[in-house]
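The values are calculated or read from the model by the stated rules, or taken from the named source; none is laboratory data. Nothing here was measured: the structure is a model prediction, and the numbers come from that model. Backbone-built Cβ (ideal geometry, glycine too); neighbour counts: all protein chains shown.
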Amino acid sequence: MNNYRIALLPGDGIGTEVLEAAWPVLQTVARQHDFTLEGTWLPWSCDYYHSHGKMMPADGVEQLKGFDAIYLGAVGLPDRVPDHISLRELLLAIRQGLDLSVNARPHRLLAGVPGPLRSSAPFDILCIRENTEGEYSGAGGRVHRGGDLEVAVETAIFTRAGVERVLRYGFEQARQRSGRLASVTKSNAQRHSMVFWDEMTDRVAADYPDVDVTRYHVDAIAARMITAPETLDVVVASNLFGDILTDIGAAIQGGLGFAASANINPTGGVPGMFEPVHGSAPDIMGKGLANPLATLWAGALMLEHLGESAAAADLMDAIEEVTVTGAGTPDMGGTLSTGELARQIQAILGR
Ligand code: NAD
Ligand code: IPM
Ligand code: MN
């Protein structure tokens, strides 16, 4: 019987609530499919920062390498630890430390979920976000202090290897899906990095003559995701652009409580990290209001990545067997708590 070692990183705020609700559901689906998930809870968080002076142990990334996958809730409590510390030292440190260069985020409506758009045309977008460099590189930036002359510099770094690998992953996905790929830039304004991205797109596209490529500027594709999302399939974007587009993706699928995310290193050898797209939502924490579906969906992406495709499909089916009834948490217009919604899905899986 296969056993998978999973690092559980609940983090902060509703991160702990959604992960604690989702984990028993994953245990149930594993039992039904004759494999086991052995979870190790790691308390790395803003609380941890207050007692240890850092967000995770110095060898945290090394510790994570010993697991088969990482399942994360959300990080950040800006009233307690500044976001640029908590996120840089934990979430972004793991993405960069494990070289999880691809962040794949699917956006579609779950069965029965109306979504906010007027058009009922079904859409199924896979956003592939570059995940380790670009606008998030963190390199070389600083604030030059000095009265009226103060200037802040933030450096975006786009390496050939970094851009190529995320594009290549996108082309592979496009080939397995509809054969369409959208490459996102702002090359009408950013004349170095984004022109380079366009060049790399052409170069990689030459290896995929069967894939139909369309270039979009990020502002135009942001609008298109709302007015005509059914015209898009695989969307490849830089780190910051992908961050913004995937919150739009979440919005069109019904809200941040739905969108799931897979951080992976396509070359293998290190665990992937699976998490909801949303954050720790301090405005609703501690009230049982958080929607656990994004985290459960991320759990399905994790099972898929571990090679347990049948279990992943069963989990998605069980989620949709509930959403189709209209039941859900308050953000979905329902009355269920985080735990109640997760337990309804667990009950279907345990039948
Ligand atoms: P957020 O995603 O936490 O919340 C934005 C809005 O969406 C809030 O009104 C919140 O109540 C709602 N929301 C989010 N998830 C929900 C869910 N599952 N169910 C119902 N409603 C939900 O974004 P924010 O408010 O900008 O950030 C809060 C904190 O989280 C900050 O510290 C931020 O840096 C951090 N953050 C972390 C991650 C992560 O760990 N991956 C992602 C985004 C933001
Ligand atoms: C996300 C989040 C993070 C990001 C933040 C919290 C650093 O918004 O995973 O989408 O921008 O990558
Ligand atoms: Mn984001």
Subset tally (residues that are surrounded by fewer than 24 Cβ atoms within 10 Å (Cβ to Cβ) and within 12 Å of ligand 1 (Cβ to nearest atom)) for segment 255-276: 2
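G115: more than 16 Å from ligand 2 (Cβ to nearest atom), within 30 Å of I284 (Cα to Cα) and surrounded by 14 or more Cβ atoms within 10 Å (Cβ to Cβ), yes or no? I'd like the intermediate steps shown before the answer.
Numbers: more than 16 Å from ligand 2 (Cβ to nearest atom): yes; within 30 Å of I284 (Cα to Cα): yes; surrounded by 14 or more Cβ atoms within 10 Å (Cβ to Cβ): yes.
Judged against the criteria, G115 is a match.
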The condition from (1) more than 16 Å from ligand 3 (Cβ to nearest atom); (2) crowded, with 20+ Cβ neighbours inside 10 Å; (3) closer than 22 Å to L100 by Cα that I157 misses is numbered (2)
Only listed residue being within 14 Å of ligand 2 (Cβ to nearest atom) and over 24 Å from M194 (Cα atoms), chosen from D83, D148, D79: D83
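Output the residues belonging to segment 265-276 that are among the aliphatic types (A, V, I, L, M) and either in the same structural domain as C127 (by TED's automatic domain parsing) or in a loop (DSSP other than H, G, I, E, B) (or both).
Kept after step one, since they are among the aliphatic types (A, V, I, L, M), are these residues of segment 265-276: 270, 273.
Answer for segment 265-276, where residues must be among the aliphatic types (A, V, I, L, M) and either in the same structural domain as C127 (by TED's automatic domain parsing) or in a loop (DSSP other than H, G, I, E, B) (or both): just V270.
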Can you confirm whether G279 is within 14 Å of ligand 1 (Cβ to nearest atom), part of a loop (DSSP other than H, G, I, E, B), touching a residue at least 24 places away in the same chain (Cβ under 8 Å) and within 13 Å of P116 (Cβ to Cβ)? no
All but one of (1) farther than 29 Å from A342 by Cα; (2) acidic (D, E); (3) without any contact (Cβ under 8 Å) to a residue 60 or more places away in the chain hold for E230, so report the exception by its number. (3)
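This table checks each residue for (1) surrounded by 15 or more Cβ atoms within 10 Å (Cβ to Cβ); (2) more than 12 Å from the chain's Cα centre (by Cα); (3) assigned by TED's automatic domain parsing to the domain that holds A161.
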| residue | (1), (2), (3) |
| --- | --- |
| V81 | yes, yes, no |
| E89 | yes, yes, no |
| I94 | yes, yes, no |
| G97 | yes, yes, no |
| V102 | yes, no, no |
| S120 | no, yes, yes |
| E133 | yes, yes, yes |
Which one of these is on the phi > 0 side of the Ramachandran plot and within 21 Å of the chain's Cα centre (by Cα): G326, G257, G268, G286? G268
Can you list the strands (runs of 3 or more DSSP E) found entirely within segment 1-93 that contain at least 2 residues being aromatic (F, W, Y) and under 27 Å from A281 (Cα atoms)? none
